[in-house]
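> First the structure, then my questions, so here it is.
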Amino acid sequence: MNGGPSVELRRSRGARVLALACVLGGVVLLALPHEGALLRTIVAVGAVVLGVVALGSALRPFRFGIGADGLTIRRPGLRRTIRWAEVDALVLDEPPRRDGRPEPPRLLLVPAPGVTLGPPVTARHPLDGRPAVELLVLDQVREQPEQVSAALSQYAGDRFVDLPALRRAAFADPDLTASLRGYRMDQVDQLIRRGQNALVSGDVPTRQEARAEIERVSAAGLPVAQRGYARLQVDAALDALVAALADHPSTDREIAT
């Protein structure tokens with residue numbers, strides 16, 4: 001592994017700010033005259049309690065270091081150094097969009113055979129389905145995903161995969177706008193993600209299966225929602241994705257596993 005100083009990720013201040021805002025807002029509501037305003041009192045007490053709980057969570061010890069020896073992690077449920085020999089794969093993944101809005105990336109770790117990290121295995125490798133542990137959601141730290149990816153590429157080597165970057169290189173996320181009576185967003189996002197993953201996989205049968213599914217769903221008619229993606233844009237994007245799956249040059253490159 002490369003030498004050099006380790007990279008320490010810093011916890012985001014956002015959770016603490018939100019927690020303090022809840023506490024202060026609740027206190028202000030309680031301090032205002034509220035004769036007979038039972039509902040307001042309940043809301044104020046609830047805000048204070050929620051804020052205190054969130055603040056306690058935000059103030060828990062946190063450390064996430066990336067270095068030549070491995071990952072040094074201190075967070076609820078995991079307080080140890082994970083040596084690189086204990087890591088089979090590290091994947092920076094981005095969950096499908098929710099209601100058209102992007103979800104924060106997350107870092108998944110596939111342990112090496114026979115290694116038990118401690119936290120429950122609650123995730124899967126997005127490409128091959130191997131059991132994985134969710135180490136970090138990147139909105140928890142101040143560093144941008146590109147900075148985290150650079151540090152992991154430097155120290156984890158070919159164990160690390162920046163999957164969002166590979167997806168964008170294979171097929172850029174289409175710029176879809178919302179409209180009334182458009183195609184259901186979750187269905188469209190899942191189809192696009194399936195096609196992107198198939199392109200990244202470098203496996204011909206996987207690309208063929210993804211192409212067939214997209215063609216089948218498109219031919220049957222995508223479901224329509226009160227608020228969804230503009231239909232013409234989606235049709236054009238899926239046509240382009242089908243073409244990429246059919247004509248994509250051999251992507252039989254090795255993806256870190």
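The values are calculated or read from the model by the stated rules, or taken from the named source; none is laboratory data. As the structure is a computational prediction, the values presented were derived from the model and not from experiment. Please note: Cβ atoms are built from the backbone with ideal geometry, for glycine as well, and neighbour counts cover all protein chains shown.
> Could you list, in sequence order, all residues of region 171-213 that are aliphatic (A, V, I, L, M) and surrounded by fewer than 20 Cβ atoms within 10 Å (Cβ to Cβ)?
Initial filter on region 171-213 (aliphatic (A, V, I, L, M)): 172, 176, 178, 180, 185, 188, 191-192, 198-200, 204, 210, 212.
The answer is ALA172, ALA178, LEU180, VAL204, ALA212.
> I've got another one for you. Just the residues that are surrounded by 18 or more Cβ atoms within 10 Å (Cβ to Cβ) and of a type in the set (Gly, Ala, Ser), please, taken from region 79-108.
The answer is ALA89, and nothing else.
> Can you confirm whether region 149-164 contains a residue that is surrounded by 19 or more Cβ atoms within 10 Å (Cβ to Cβ), acidic (Asp, Glu), under 14 Å from the mean Cα position of the chain (by Cα) and assigned by TED's automatic domain parsing to the domain that holds ILE73?
The answer is yes; a qualifying residue exists.
> If you don't mind, another one. Is one or more of the residues making up region 174-187 in a helix (DSSP H, G or I), under 20 Å from the mean Cα position of the chain (by Cα) and either over 18 Å from ARG98 (Cα atoms) or free of Cβ contacts under 8 Å to residues at least 24 places away in the same chain (or both)?
no
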